[in-house]
1. Somewhere in the range B:133-152, is a residue without any contact (Cβ under 8 Å) to a residue 24 or more places away in the chain, of a type outside the set (Phe, Trp, Tyr), farther than 29 Å from B:LYS205 by Cβ and crowded, with 24+ Cβ neighbours inside 10 Å?
2. Can you tell me which of (1) free of Cβ contacts under 8 Å to residues at least 60 places away in the same chain; (2) within 14 Å of ligand 2 (Cβ to nearest atom); (3) surrounded by 22 or more Cβ atoms within 10 Å (Cβ to Cβ); (4) away from chain B (no Cβ under 13 Å) is the one A:CYS46 doesn't meet?
3. Going by what's in this entry, would A:LEU84 be described as aliphatic (A, V, I, L, M), at negative phi and more than 8 Å from chain B (Cβ to nearest Cβ)?
4. Return the only residue of B:VAL241, B:VAL216, B:VAL246 being within 30 Å of B:VAL88 (Cβ to Cβ) and among the β-branched types (Val, Ile, Thr).
5. Condition check: away from chain B (no Cβ under 14 Å), within 11 Å of ligand 1 (Cβ to nearest atom) and polar (S, T, N, Q). Does A:THR57 satisfy that?
6. Of the residues A:PRO53, A:PRO111, only one is out of contact with any helix residue (DSSP H, G or I) (no Cβ under 9 Å at 6 or more places or on another chain) and away from ligand 2 (no atom under 16 Å from the Cβ); which?
7. Collect the residues in the range A:12-43 that are surrounded by fewer than 20 Cβ atoms within 10 Å (Cβ to Cβ) and away from ligand 2 (no atom under 14 Å from the Cβ), keeping them in residue-number order.
8. Quick check: anything in the range A:135-145 over 15 Å from the mean Cα position of the chain (by Cα), surrounded by fewer than 17 Cβ atoms within 10 Å (Cβ to Cβ), within 14 Å of another protein chain (Cβ to nearest Cβ) and at pLDDT 90 or above?
Amino acid sequence: MIEAKGVVKSFGSRTILRGIDLRVETGETLVIIGGSGCGKSTFLKCVIGLHAPTSGTVAVDGIEVAKLQDEHDIADYRRRFGYLFQEGALFDSMTVAENIVFGLKYLTDIPRSKYRSIASECLALVGLKDVEDFKPSELSGGMKKRVALARSIAARPSYILYDEPTTGLDPIMSDVINDLILDLQKQLKITSIVVTHDMKAAYKVAGRIAMFHEGRVLQIGSPDEIRRSSDPRVRQFVDGSSQGPIKMKLKEFDAEGSQAHLASGGKS
Amino acid sequence: MIESALASFGGGLLALAEETGQFILLSRSTLRWLVRGRIEWRQTLIQMSRIGVDSLPVTAMTSFFTGMVLALQTGATSKHFFNTPLFVGTVVAFSIVMELGPVMTAIVVAGRAGAAIAAELGTMKVTEQIDALYTLGTDPVRYLVIPRLLAFLVVLPLLTVISDFTGILGGLFVSQVKYDIPAIVYWHDIVDNMEVRHFVHGFLKTFVFAWTVAMVSNYKGVSTRGGAEGVGRSTTAAVVVSMTLVLVLDYFATALLNAAGIT
Ligand SMILES: Nc1ncnc2c1ncn2[C@@H]1O[C@H](COP(=O)(O)OP(=O)(O)OP(=O)(O)O)[C@@H](O)[C@H]1O
Ligand SMILES: [Mg+2]
């Protein structure tokens, strides 16, 4: 179980998260949606302990990573997680297979002789084959994303944090990944948080959906509750409309100025 | 005017203090992992061969020319005073083995391998590969910093010994070609006057330099911020700071060794 209480995160004078309260039950998949730059990735990093919250607490099975001192305890904590980075974060000095099995040495006691077949199995799960010996620089954006996903599930973690698992994938491949996320949850009872902008994916994989807005949880509920939300901001987001309370605010500051700028032919 | 100058000076001091603090934290965690002794030997070997192969040609070449110019100057000066070039081998060998070999090698390796480390680790940092190491159950200090540090501690002294040799050979070359000093005289000038402790003096200093260059480059790499531009900044800073520190620490290390009688 992941429990966040009043998580605040600031970078310098900018406060990104303004008090997030969330609970993800064991075996549940929570989807986080919200505008670009509202702090979704930042929240995932607070959960795994890459960022320490400025205030508030995140506890996983009752353990607060920010309170851990010893490197061993921190490593033990992180051991439970698989983490899919938004940009993949593949090691570009290693081949695809080496990337995927990298964590096995530290996280499991699987013998080295099995590594190759595990790499191929994980690649097959994300719909890739015969790319084991490629370097990340030789892959397309979507392939990188899937290799990164394969790497985050290779050590069979009990928690997986996915940062935009389907961004940059074609619709069919997106659905394959959605099925994979569902399978992992159903068969292995994995607890996960999925950050996504893809509402179709969100409705499909979510147990519950939480919408972040201005550093807080605006609404949290089942996919149906979110779909039928009466909050105009949530409505606007899930419908993907530029008209509504959220963009209105942006317009006042930003879009209007740049539209005037465009209208004047770029001369200012 | 004055106020803003003071403010930026104060800001600079604060930033320096913060960086020093971070550097000390990294050094402490490095020592802790070293004591724990769980070392990534494979990575260490890879780094050793990389640093060695990268830096060997350029260190050999710079030290050969350093030896050459030392011989040229010594010959010219002693010719001026005594009408004949004297003690060329002695001056070349002492200068190289005690000072120029260790210092120049450290500086050249800082520019070659130190910069490469800062750029590589900096890129890993800004593309979140260092964060990824954490999530895959290992520690960047253990996996990245320690192997590079150990590689430096092994390879820099070796490179220094090689560059001591090539420097002395460079001196021999100029002595023979320019001043017609027989090789036997050149070697006698060296072996008659030099003792093992002179070599030890220079050799011990290389470990200080290796530690300094490796840790500064590692630190600059893993503390990189701000995309490709940040990587460029870290790389430059790594080289400038390591070179400066090598020259500054050389003075103190020499003073210390002299006090201990290793001169
Ligand atoms: N290390 C950092 N230092 C300073 N500011 C940061 C840092 N990381 C993130 N931010 C800021 O925090 C805000 C939220 O970033 P975050 O990456 O969490 O957004 P996001 O919700 O994941 O957006 P997206 O949907 O575009 O991925 C951004 O405005 C960003 O500028
Ligand atoms: Mg993000």
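1. Scanning the range B:133-152, I find at least one residue that is without any contact (Cβ under 8 Å) to a residue 24 or more places away in the chain, of a type outside the set (Phe, Trp, Tyr), farther than 29 Å from B:LYS205 by Cβ and crowded, with 24+ Cβ neighbours inside 10 Å, so the answer is yes.
2. (4)
3. yes
4. One residue alone meets the criteria, B:VAL246.
5. So A:THR57 does not fit the description; no.
6. A:PRO111 is the lone residue from the list that is out of contact with any helix residue (DSSP H, G or I) (no Cβ under 9 Å at 6 or more places or on another chain) and away from ligand 2 (no atom under 16 Å from the Cβ).
7. A:GLY12, A:SER13, A:ARG14, A:THR15, A:ARG18, A:GLY19, A:ASP21, A:ARG23, A:GLU25, A:THR26, A:GLY27, A:GLU28
8. yes
The values are calculated or read from the model by the stated rules, or taken from the named source; none is laboratory data. Since this is a predicted model, take the numbers as computed values, not measurements. No Cβ is skipped: glycine too gets one built from the backbone with ideal geometry, and neighbour counts run over all protein chains shown.
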